Each structure stands twice: as structure tokens, then as C-alpha cells.
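S.K.: Encoded as C-alpha cells, here's the structure I'll be asking about.
What follows is calculated from the coordinates using simple rules that are stated; it is not laboratory data. Quick caveat: nothing in here was measured; it's all calculated off a predicted structure. Positions of Cβ are generated from backbone atoms using ideal geometry, with glycine treated the same way; all protein chains shown enter the neighbour counts.
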Amino acid sequence: MRKTYRVKKEAEFQKVFHHGKSTANRQFVIYVLDKKDQPHFRVGISVGKKIGNAVMRNDVKRRIRQSLTELKPQLKAENDFIVIARKPIADMTMKETKKSLTHVLKLAKLLR
């Protein structure tokens, strides 16, 4: 996923976190902030230290990014959102990760 699809700056991340609507399932929490007139969605990913060591956290981020890349054509363009991983995600496979992420994105009404 190209960097233009990411919420990169701390101030932007905090704005979505504090002013966005939250939706959750057991593996993820999603914060969504509507932003009109942007060409595509932007996403921030947060994987805390409770998930595991750096290798484990990087693997979880990689699975989330890959899942979002596969779901990219279905995601609405007018939103910035943050994906926060919860502890149960550490033991999941790529297929399970994508299924859980798709579920929470549907709950947050981010999929077309």
C-alpha cells in the first residue's frame, strides 16, 4: 500500500482518534473520521506492545496492510480511519486476520 494511503502525521492520527467514531470486534478497534473531497481513503495502523515483540508486531502490521490492499477496491474513499489491533490477533493466520478485519470494516460501514 502506497504511503499516500496512510495517516502518517501524529496530529492527523490524533485527530481521527479523538474525533472519529469507534467500532470494534475482538481483534480490532476502528476509528473513522469522514473527510469529503479526498481521492482515496487513508489508514493508520497501531499495534501495541501487548501483542508481542517487535517481530510479532511487524508481522501483524504486514497482515493488516495486505488485507487492506486486497480490500482496497471495496473501501469508501471519503474516510480516514485507524486500525488498532488487540491481543487475540497475534495467534491468527492471514486468512483469519482478513476475515476479522472485513467483519469490523463492515460494522464501521467502510465497505461499499
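S.K.: Considering each of Arg26, Arg6, Arg42, Arg2 in turn, give the residue that is in contact with a Pro (Cβ under 8 Å, 6 or more places away or on another chain) and of a type in the set (Lys, Arg).
M.R.: Arg26
S.K.: OK, next. Among strands (runs of 3 or more DSSP E) lying entirely in the range 12-112, which contain 1 or more residues that are small (Gly, Ala, Ser) and buried (at least 18 other Cβ atoms within 10 Å of the Cβ)?
M.R.: Passing ranges, in order: 42-47, 79-85.
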